[in-house]
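Structure first, then comments.
Each value in this text was obtained by applying a stated rule to the coordinates, not by laboratory testing. None of the values given here were measured: they were computed from a predicted structure. Positions of Cβ are generated from backbone atoms using ideal geometry, with glycine treated the same way; all protein chains shown enter the neighbour counts.
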Amino acid sequence: MNVIHETPAERRKKAQEARILDAALAIVAEGGLDALSIKAIAERADYSPAALYRYFASKDELVAALAIRAVRTLGEALAEVDACAPPLSRVTWLARRFVDFAHEDAARFGLIHVLLAEPRVLVDEPKLVGEVLAAVMEVLAPLATALAEAAERRQLAPGDASERALLLATSLLGLLLLRKQASRLPRALELDDLARKQVETMLRGFGAPERALATIAWRV
């Protein structure tokens, strides 16, 4: 196996990029994407705006890097799910981990939502958009794999597993937007229970029989 050794200069560059992205995430968490600007990030990270451009050539590039970093953090959370579990259980547990991530890391989850669902175009350069979408599909790969295996075992009807993974993830993303309202009206909006029902409904739509759904635990 080839081992890649970073030079001290490369390590310093990565550390500085991480510092800049930490500052950007803090700004988004406090004031939303409208508060994000090169000037605000420079002030937060104690850089000059000109110095920031040594690490990110444009605001688009910085926002794309921030999005990819947030998505990969979600990927780390999903990787905690047992890859050897039965496929339908794995689908459910991955969905459950997705829901938990929204509560545990609200800033990054909010960023993922804004970037994927916000009507405004936040990253305009096609190459950067492609990199963000590639990161999303990479993170959803374990979910797509579990859905494909369930179809192979005839626990689901045949279908495009990657498309199903995206449909399932984006449907949960939309439901979890109700987090703020749920905190004010806990009896009216039990999001955990709604998320479970939503996953079950989508699996029925993908062809899962009731007897199979009855055996799946929502929590590991």
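Rounded to the nearest 20, the size of the Cβ-charge dipole of the range 25-140 about its Cα centre is 80 debye, with Lys and Arg at +1 and Asp and Glu at -1. Remark: the range 95-102, residue by residue, has Karplus-estimated 3J(HN,Hα) of 5, 4, 5, 4, 5, 4, 4, 4 Hz, where x stands for each Gly or Pro and the curve is 6.51 cos²θ - 1.76 cosθ + 1.60 at θ = phi - 60°.
Applying the Kirkwood pairwise sum to the alpha-carbon positions of the range 1-56 produces a hydrodynamic radius of 12.3 angstrom. Each Lys or Arg adds one and each Asp or Glu takes one away; over the other residues whose Cβ falls under 15 Å from the Cβ of Tyr47, this sums to +3. Taking θ as phi - 60° and the Karplus parameters 6.51, -1.76 and 1.60, the scalar couplings of the range 161-167 work out to 5, 5, 5, 5, 4, 5, 4 Hz in sequence order, x denoting glycine and proline. In a simple Cβ point-charge model (Lys, Arg +1; Asp, Glu -1; nothing else charged), the chain has a dipole of about 320 debye relative to its Cα centre.
Across the chain, the mean sequence separation of Cα contacts (distance under 8 Å, 6 or more residues apart), normalised by length, yields a relative contact order of 20 percent.
Taking the number of Cβ atoms within 10 Å of each Cβ as an exposure proxy, the fewest-first ranking of Arg196, Arg154 is Arg154, Arg196. Gain on full extension, evaluated as 0.36 nm per residue between Asp192 and Ala79 minus their Cα-Cα distance, stands at 38.6 nm. Using just its DSSP H runs of length 4 or more, each adding -39500 (n - 2.57), the chain gives a mean residue ellipticity at 222 nm of -22000 deg cm²/dmol after division by all residues. Extension gain, Ala18 to Val129: 0.36 nm times the residue separation minus the Cα-Cα distance gives 37.9 nm. Note that the range 30-35 has calculated 3J(HN,Hα) couplings of 7, x, x, 5, 5, 7 Hz, one per residue in order, obtained from phi through the Karplus relation 6.51 cos²θ - 1.76 cosθ + 1.60 (θ = phi - 60°); glycine and proline are x. Can you compute the FRET efficiency between Arg153 and Ala217 using 1/(1 + (r/R0)^6), with r the Cβ-Cβ distance and R0 = 25 Å? Round to the nearest 0.05. Once rounded, the FRET efficiency stands at 0.85.
Protection proxy ranking for 8-16, 25-33, using the average of other Cβ atoms within 10 Å per residue and placing the highest first: 25-33, 8-16.
In straight-distance terms, cross-link reach from Lys127 covers every one of the lysines whose alpha-carbon lies under 24 Å from its own, apart from those fewer than eight places away in the same chain; here that gives Lys13, Lys14, Lys59. Modelled spin labels at Ser48 and Asp34, positioned 7 Å past Cα toward Cβ, are 3.2 nm from each other.
Projecting the Cα atoms of Gly75, Trp218, Ser89 onto the charge dipole of the chain, computed from C-beta unit charges around the Cα centre, puts Trp218 farthest toward the positive end. Once C-alpha pairs closer than 8 Å and six or more residues apart are averaged by separation and normalised to the residue number of the range 1-56, the relative contact order reads 29 percent. Of the residues Pro8, Leu33, Leu52, the one whose Cα sits farthest towards the positive end of the charge dipole of the range 1-56 is Pro8 (charges of +1 on Lys and Arg Cβ, -1 on Asp and Glu Cβ, taken about the Cα centre). What you get for the range 1-56, charging only the Cβ of Lys and Arg (+1) and of Asp and Glu (-1), is a dipole of about 240 debye around the Cα centre.
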